[in-house]
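Here's the structure we're looking at; comments come further down.
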Amino acid sequence: MSGAPVRALRALPVAGLGLAAAAGAVALSAAPLKFAVVGLAAAFGGVGALIAGQRYRLTPLLLVALAVGLTVKLDVSFFQHFEAVGQYLPSIGGGAGLTVSVALLVALTLILSKVTGIGERVSGLRLDRPLVLTQLAFLTAGLLSLANATDTAYLWFDAWRFLGLLLVSVAVSNLSGADIRTLALAICALCLVQTAVAGLQYVSGSELGLSVLGEEQIVEENINFSAQRRAGGLKVHPNILGYYYEFVWPLALALALSRGPKLLRLVGAAGAGSAVVGVVLTLSRASWLTYPLSATLVILLVYRDRLFTRASLIVFALLVVAAGIGAIYAGPLVWERLTADDGGSAAQRGPLNAAALALFAQFPIFGVGLNNFGNQFAVLDQTGLSRLAACSTARTTSCTTCTS
């Protein structure tokens, strides 16, 4: 075969790419600004990666992109259940929709780079058997809960999230030591930016134009009949920002306590400090409660053989002084948040935990269905304690259930 037919066949991939680009342009033109920005960034980034990958190693650049994706809410969601219980915003998605995140796209790119050798000096993908088998078992257990799931869409949405976590884990487990340090440094450096944005939001009461990421206004919590401002940072909601700090805090603390280069330890210490300040501004009690546990585990794993050296005791004394100064300013706010009589307080969460355990006793093997608990809690609860969750938002209004 030669001549015109051959040229026509060679033009098919180019024509297909052009048609896909045209269809994508039409779809993005009618999409919200956030979707358009992410779509264009993914398209240009993918083409740029293919071109640059022929000459350069792309992994460090991709790791910086991964750190940005973890810091800024750039994910988009499709097929959402807008009536999902407990969802903060339609754009957050998660278990209420099919979410495509920057972390997932970067993980796929890293895996493809390892498999094909594009952008990598050494090709070949390595699978960490305990890591992969553990996550596959977890995913399988979730799929088995189909037996009791009343809304299978929620289950498949969460199964997609677990699959994404597996892909990210595989990608990160194939990084070299230098690449891991690059990722850790980028995360800690961006944590400083995150906390700076959160601080500006908390002080100014403005969302700083971040509504493009999904948030419309600063969240305020009614604590002891007084509105308390909560920062959402670049994650657009304070609870989601709290989750962000939960994973940055132990990573940054481990870097600060490591035996690595001085620059690495200093950046880690700065990241850990900013994570402490930032999590206070979220007013997320659940995030606060994770800090002592994660810090204890990190110290025992990384620093246990140096705990009682002279340098450690000096640093510990300085940290105690800094914590005391911080407690003077933030202590009253933290104490009020932990003890105030509002929805989600300790007085309410105790009975709710008891109701959750009672529900677990009813469905000990397959549960009520992966990602179905929120919608089935009040329906299947036989203790009556789950009514507290429904009444927590009615504390300041007339509620016959609360007053009875």
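The values are calculated or read from the model by the stated rules, or taken from the named source; none is laboratory data. Every value quoted in this text rests on a predicted model; they were computed, and no experiment measured them. We place every Cβ from the backbone using ideal geometry, glycine too, and count neighbours over all the protein chains shown. Accessible surface is based on the protein model in full, side chains and every heavy atom, while ligands, DNA and RNA are left aside. Shrake-Rupley method; radii C 1.70, N 1.55, O 1.52, S 1.80 Å.
Being at pLDDT below 65, among the aliphatic types (A, V, I, L, M), out of contact with any Cys (no Cβ under 7 Å at 6 or more places or on another chain) and assigned to a helix (DSSP H, G or I), is that true of even one residue in the range 370-389?
Looking through the range 370-389, at least one residue is at pLDDT below 65, among the aliphatic types (A, V, I, L, M), out of contact with any Cys (no Cβ under 7 Å at 6 or more places or on another chain) and assigned to a helix (DSSP H, G or I).
Restricting the search to the range 294-317, which residues are charged (D, E, K, R) and surrounded by 11 or more Cβ atoms within 10 Å (Cβ to Cβ)?
Once the filter is applied, which keeps residues that are charged (D, E, K, R) and surrounded by 11 or more Cβ atoms within 10 Å (Cβ to Cβ), the range 294-317 yields only Arg306.
Being modelled with pLDDT under 85 and open to solvent by less than 60 Å² (accessible area, probe 1.4 Å): is that true of Ser113 here?
yes
Does Val320 fit the bill of being open to solvent by less than 90 Å² (accessible area, probe 1.4 Å) and within 28 Å of Ala67 (Cβ to Cβ)?
no
With respect to Ile111, is the statement that it is outside any helix (DSSP H, G or I) and touching a residue at least 12 places away in the same chain (Cβ under 8 Å) true?
It is false that Ile111 is outside any helix (DSSP H, G or I) and touching a residue at least 12 places away in the same chain (Cβ under 8 Å).
Name the residues in the range 253-269 that are open to solvent by less than 40 Å² (accessible area, probe 1.4 Å), over 12 Å from Ile187 (Cβ atoms) and touching a Leu at 6+ places or on another chain (Cβ under 9 Å), would you?
Once the filter is applied, which keeps residues that are open to solvent by less than 40 Å² (accessible area, probe 1.4 Å), over 12 Å from Ile187 (Cβ atoms) and touching a Leu at 6+ places or on another chain (Cβ under 9 Å), the range 253-269 yields Ala256, Ser258, Leu264.
So, in the range 213-226, of the ones that are among the β-branched types (Val, Ile, Thr) and in a strand (DSSP E or B), which residue ends up modelled with the lowest pLDDT?
Checking each candidate, the answer is Ile223.
Of all residues in the range 142-171, which are of a type in the set (A, V, I, L, M, F, W, C) and without any contact (Cβ under 8 Å) to a residue 60 or more places away in the chain?
Matches in the range 142-171: Trp156, Phe162, Leu163, Leu165, Leu166.
Please go through the range 144-194 and give me each residue that is open to solvent by 70 Å² or more (accessible area, probe 1.4 Å) and not in a helix (DSSP H, G or I), ordered by number.
Across the range 144-194, the qualifying residue is only Thr150.
Name the residue, out of Ser294, Ser274, Ser287, that is under 12 Å from Trp249 (Cβ atoms) and touching an Asp or Glu at 6+ places or on another chain (Cβ under 6 Å).
Of Ser294, Ser274, Ser287, the one residue that is under 12 Å from Trp249 (Cβ atoms) and touching an Asp or Glu at 6+ places or on another chain (Cβ under 6 Å) is Ser287.
Which of the following residues is within 28 Å of the chain's Cα centre (by Cα), without any contact (Cβ under 8 Å) to a residue 24 or more places away in the chain and part of a helix (DSSP H, G or I): Ala317, Ala323, Ala252, Ala311? Let's see the steps before the verdict.
On the way: Ala317 fails: within 28 Å of the chain's Cα centre (by Cα); Ala252 fails: without any contact (Cβ under 8 Å) to a residue 24 or more places away in the chain; Ala311 fails: within 28 Å of the chain's Cα centre (by Cα).
Going through Ala317, Ala323, Ala252, Ala311 in turn, just one is within 28 Å of the chain's Cα centre (by Cα), without any contact (Cβ under 8 Å) to a residue 24 or more places away in the chain and part of a helix (DSSP H, G or I): Ala323.
Restricting to the range 227-258, and then to whatever is at pLDDT 85 or above and not hydrophobic (A, V, I, L, M, F, W, C), can you tell me which residue is nearest to Gly205 (Cα to Cα)?
Pro238
Which residues, counting only those in the range 127-141, are touching a residue at least 40 places away in the same chain (Cβ under 8 Å) and of a type outside the set (A, V, I, L, M, F, W, C)?
Answer for the range 127-141, where residues must be touching a residue at least 40 places away in the same chain (Cβ under 8 Å) and of a type outside the set (A, V, I, L, M, F, W, C): just Asp128.
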